[in-house]
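Here is the structure we will look at, set down as structure tokens.
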Amino acid sequence: MKKLIVNYNLEILTTVLSIVFGVSLFFWDSLSLAGKALLGFMVLYTFHEWEESRFPGGFYDLFFGGFGIEITASEARMHLPVAIYILIMLLVPFALQQTTFLMLIPLGLGLFEGVIHVAGIKIHKLKKPYTPGMITGLIMFAYSIFIIIQINKVGGLPLWQWIIGFVLAFAGFAVMEKFFLRTVGLSFGDFRKMAMTRVLGNRK
């Protein structure tokens, strides 16, 4: 059972989010702004993971290959921490959608995805202006901006909620990244040093 979950975690992620999305459409009028926004994020994050991993895929080869790291784990194994993080990041705020600021967690990451995928072109010195996941990453960036506008239209959120929302987004991402890097035997500190060397080297 464990092997099945690991090998098909992307398909399981897709199935779970599709069911939640499909069922929730029947209750659309009763959903809060946060609930409706989160359904959009469910769609976008699902497509994003497929673009990174399958169509066209190749994100992990680019991510690790760009730093000269030999991949020893399977792609499915590397994606498992990502799938778990996405499910928690989307389903918990959806279940608690009346706590509006929790939707800032996927929103914050959506902004980050749009920026980092474009930055990846320069970081990895790519000849083609594309990194796996960039198209959906840019769509998520635009969607996140759209949701920010909608939040402000209905009265906005206190500054402290914006701060907590974004802190939770990147704290959760950091934890996920730690487990993700562990699949290839790296610590977060080791990877940070390699990333800084790569980025600073590109500035020369």
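The values are calculated or read from the model by the stated rules, or taken from the named source; none is laboratory data. Worth saying up front: this structure is predicted, and the values here are computed from it rather than measured. Glycine gets a Cβ as well: all are built from the backbone with ideal geometry, and neighbour counts include every protein chain shown. For accessibility, only protein heavy atoms count, side chains too; no ligands or nucleic acids. Shrake-Rupley method; radii C 1.70, N 1.55, O 1.52, S 1.80 Å.
The three principal axes of the Cα atoms in the range 41-144 give end-to-end lengths of 44, 28, 21 Å, sorted in falling order.
Below 8 Å, C-alpha to C-alpha, sequence gap of six or more: please give me the relative contact order for the range 49-204 in percent. It rounds to 30 percent for the range 49-204.
Under the combined filter of DSSP loop state and at most 10 neighbouring Cβ atoms within 10 Å, the range 1-91 retains these GluC sites (Glu not before Pro): Glu70.
If you take all other residues with their beta carbon under 13 Å from the beta carbon of Leu181, and give Lys and Arg +1 and Asp and Glu -1, the sum is +3. Normalised per residue, the accessible area of the chain is 54 Å², obtained with a 1.4 Å probe and no contribution from ligands, DNA or RNA. Chymotrypsin sites (Phe, Trp or Tyr not before Pro), restricted to the range 26-119: which are DSSP loop and have at most 10 other Cβ atoms within 10 Å? The qualifying sites are Phe26, Phe27. For the chain, the convex hull spanned by the alpha carbon atoms encloses 128 Å³ per residue. Within the shell defined by Cβ-Cβ distances under 12 Å, the residues around Leu10 carry a net charge of -3, with Lys and Arg each +1 and Asp and Glu each -1.
Would you work out what percent of the accessible area of the chain, with all protein chains in place, is carbon or sulfur (probe 1.4 Å)?
Of all accessible area on the chain, carbon and sulfur atoms account for 71 percent.
For the range 49-55, 3J(HN,Hα) computed residue by residue from phi via the Karplus equation (6.51, -1.76, 1.60; θ = phi - 60°) reads 5, 5, 5, 5, 9, 10, 10 Hz, glycine and proline entered as x. In order along the range 115-130, the Karplus-derived 3J(HN,Hα) couplings, from 6.51 cos²θ - 1.76 cosθ + 1.60 at θ = phi - 60°, round to 6, 5, 5, 6, 4, x, 4, 6, 4, 9, 6, 7, 6, 8, x, 7 Hz, and Gly and Pro are given as x. Among the listed pairs Lys127/Lys193; Lys2/Lys36; Lys122/Lys178; Lys122/Lys193, those with a Cα-Cα distance over 28 Å are Lys2/Lys36. Straight Cα distances below 20 angstrom link Lys153 to the aspartates and glutamates Asp29, with same-chain residues fewer than 8 positions distant left out. Sites listed here are trypsin sites (Lys or Arg not before Pro) in the range 32-98 whose DSSP assignment is loop and whose Cβ has at most 14 other Cβ atoms within 10 Å: Arg54.
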